[in-house]
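Here is the structure we will look at, set down as structure tokens.
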Amino acid sequence: MGLFLMESLRITRLFPVIGALPDKTRVRMIWITFSLLFSLACVEAGLAYMREVLLQDELATSALLRGDGVQVLSGQFLWITTAAQMGMGFILPFALTFVAIPLETFVHSLRTLVGLIVMGLLRMLSVVLRLIANTCRYLGTLTQQIYDLPLFIPLWLEERHNESGSRSGNANAQELRS
């Protein structure tokens, strides 16, 4: 409710649709969200009071079970803790309303941060993929050269044999001409 109240008051801009509402609708939304926030704060204060009452009942029950008698702390200053708990329970929802302001800053900063992280991850991915691509290319060239190595020797011997045969054929042809 606090977030919607802050949006309706145009303090934060997490939901631009709420800020773009007509003023009459926005003012209605302000009163509705404030009423709901106020009622929730009252419920919280009531729960704090009930917690203190239940705590006193539990202390009285445990004292009675221990056999300490009916001598329960019926101090005149117990209302101070009860009032403090109720006050804190009432103020807490209103205090949490102001969390919307740093939340807005966090969301805007988070969007930039996530963008930078994704950009860095994509750059690292491109480097890794480029490394894998170059590795595969050079492994392919190496494999081709290793494949050609055993074939080189017989082809080289055949070429040498053909050269020596053509030399002897040329020598025989020259002898015949002379």
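The values are calculated or read from the model by the stated rules, or taken from the named source; none is laboratory data. Since the structure is predicted, the reported quantities are computational estimates derived from the model, not experimental observations. Cβ atoms come from the backbone with ideal geometry, glycine included; neighbour counts cover every protein chain shown.
Please enumerate the residues belonging to the range 73-127 that are under 23 Å from the mean Cα position of the chain (by Cα), more than 28 Å from A41 (Cα to Cα) and not in a helix (DSSP H, G or I).
Result: no residue meets the conditions.
What do you reckon, is L149 modelled with pLDDT of 95 or more and part of a helix (DSSP H, G or I)?
No.
Collect the residues in the range 81-99 that are among the small types (G, A, S) and either surrounded by fewer than 18 Cβ atoms within 10 Å (Cβ to Cβ) or free of Cβ contacts under 8 Å to residues at least 12 places away in the same chain (or both), keeping them in residue-number order.
Residues satisfying the conditions are A83, A84, G87, A95.
Does E52 meet the test of being assigned to a helix (DSSP H, G or I), touching a Leu at 6+ places or on another chain (Cβ under 9 Å), assigned by TED's automatic domain parsing to the domain that holds L14 and more than 21 Å from M6 (Cα to Cα)?
When the stated conditions are applied, E52 passes them.
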